[in-house]
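The values are calculated or read from the model by the stated rules, or taken from the named source; none is laboratory data. Keep in mind the model is a prediction, meaning the values are calculated, not measured. Counting neighbours? That spans all protein chains shown, and the Cβs are built from the backbone with ideal geometry, glycine included. Note: accessible area is taken over every heavy atom of the protein model, side chains too, but ligands, DNA and RNA are not part of it. Shrake-Rupley method; radii C 1.70, N 1.55, O 1.52, S 1.80 Å.
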Amino acid sequence: MAMRQTPLTCSGHTRPVVDLAFSGITPYGYFLISACKGEQGQVLPSPHGKPMLRQGDTGDWIGTFLGHKGAVWGATLNKDATKAATAAADFTAKVWDAVSGDELMTLAHKHIVKTVDFTQDSNYLLTGGQDKLLRIYDLNKPEAEPKEISGHTSGIKKALWCSEDKQILSADDKTVRLWDHATMTEVKSLNFNMSVSSMEYIPEGEILVITYGRSIAFHSAVSLDPIKSFEAPATINSASLHPEKEFLVAGGEDFKLYKYDYNSGEELESYKGHFGPIHCVRFSPDGELYASGSEDGTLRLWQTVVGKTYGLWKCVLPEEDSGELAKPKISFPETTEEELEEIASENSDSIYSSTPEVKA
């Protein structure tokens with residue numbers, strides 16, 4: 001029986017959502033952080049364009065990290081969701097206590113910072129941005145100067161630890177580079193004839209997911225050798241591989257989300273996901289859902305297997321012979337059956353959090 005995708009829409013951001021990341025699975029579940037471009041010319045701290053922390057399986061807002069003065073381009077959580085890091089247009093990266101929301105340190109840069117990534121033990125932070133340098137900060141010695149790696153010829157869009165933090169992957173406009181952490185030297189590079197729009201690293205299997213133009217390419221993270229690639233019908237801004245490597249999802253300029261079978265390359269689903277271009281997509285650590293962030297200022301959560309009872313989704317089958325499509329409902333505490341029907345009705349989204357104005 002056909003099932004219809006009913007996304008959860010997380011309101012709160014008022015500007016384009018440009019980055020998102022999940023934590024690992026903790027005793028308290030898993031968490032989601034999102035980064036949002038600020039108002040143009042914004043100087044005073046405000047919730048517009050501030051990174052937000054949410055419960056990963058429901059999208060419930062937990063808190064907003066206040067402190068950056070402008071657009072936030074990158075955001076990440078460490079594995080156990082105790083720390084967050086953000087990269088911003090105010091020439092800083094910040095490290096936060098993800099439990100209390102307090103700012104732990106500000107790391108000054110010489111230009112816009114675009115990307116941040118923790119080592120597995122959370123002791124080091126990798127940053128990259130418009131000044132074309134990779135920086136490695138020892139978070140136990142915040143006053144110490146960072147180690148710097150040069151070699152990129154344009155602004156760095158993404159930088160990630162890989163191979164158990166022994167190597168680093170980084171992407172600028174048309175190049176992906178692999179670096180050795182110990183020697184701080186380049187191991188190998190990939191050149192593209194168009195702009196690289198996103199990069200995701202999958203530790204299990206050491207797979208690198210790169211998007212450029214309409215292409216979604218998979219490479220070995222160890223050697224950068226190609227594994228396979230898919231072509232999408234539109235320009236893709238971001239793609240993510242399911243933890244069990246069954247599916248991949250991608251989103252881009254045509255407002256649509258595409259889901260493919262990773263092994264065969266067959267397109268399994270596509271649907272309009274947002275009211276603007278999609279900037280980022282990521283699977284949750286358990287693979288049950290994926291999140292998407294868009295130019296329209298919203299984050300949306302989507303079920304990997306539509307109709308499963310999970311998070312706020314509750315599978316409800318229609319009465320036999322009614323001719324209706326089966327559809328998942330989204331269940332809220334103390335919600336009447338009539339309200340649930342309305343929530344799950346055709347083309348409706350559930351908006352369940354008001355714009356947060358304060359830090360958690």
Selection over the stretch 223-260 where residues are under 17 Å from Gln5 (Cβ atoms), part of a strand (DSSP E or B), open to solvent by 10 Å² or more (accessible area, probe 1.4 Å) and out of contact with any Asp or Glu (no Cβ under 7 Å at 6 or more places or on another chain) yields a count of 1
Keeping to the stretch 116-129, report how many residues are assigned to a loop (DSSP other than H, G, I, E, B) and touching a Phe, Trp or Tyr at 6+ places or on another chain (Cβ under 9 Å).
2
How many residues of the stretch 115-160 are open to solvent by 40 Å² or more (accessible area, probe 1.4 Å) and within 16 Å of Asp97 (Cα to Cα)? The answer is 5
I'd like to know if the stretch 279-299 contains one or more residues that are farther than 25 Å from Met52 by Cβ and either assigned to a strand (DSSP E or B) or of a type in the set (A, V, I, L, M, F, W, C) (or both).
no
Going by what's in this entry, would Ser189 be described as under 20 Å from Ala21 (Cβ atoms), open to solvent by less than 70 Å² (accessible area, probe 1.4 Å) and of a type outside the set (A, V, I, L, M)?
no
Looking only at residues that are among the aliphatic types (A, V, I, L, M) and open to solvent by 50 Å² or more (accessible area, probe 1.4 Å) in the stretch 97-114, which one is nearest to the chain's Cα centre (by Cα)?
Val99
How many residues, within the stretch 184-206, are without any contact (Cβ under 8 Å) to a residue 40 or more places away in the chain and either in contact with a Lys or Arg (Cβ under 6 Å, 6 or more places away or on another chain) or within 23 Å of Ile149 (Cα to Cα) (or both)?
11
Flag for Asp131 being acidic (Asp, Glu), under 18 Å from Ala21 (Cα atoms) and modelled with pLDDT of 95 or more
no
Could we say that Lys359 is assigned to a loop (DSSP other than H, G, I, E, B), open to solvent by 10 Å² or more (accessible area, probe 1.4 Å), in contact with a Leu (Cβ under 6 Å, 6 or more places away or on another chain) and at pLDDT below 90 here?
yes
Within the stretch 161-186, residues open to solvent by 60 Å² or more (accessible area, probe 1.4 Å) and either at positive phi or not in a loop (DSSP other than H, G, I, E, B) (or both) come out as Glu164, Thr185, Glu186
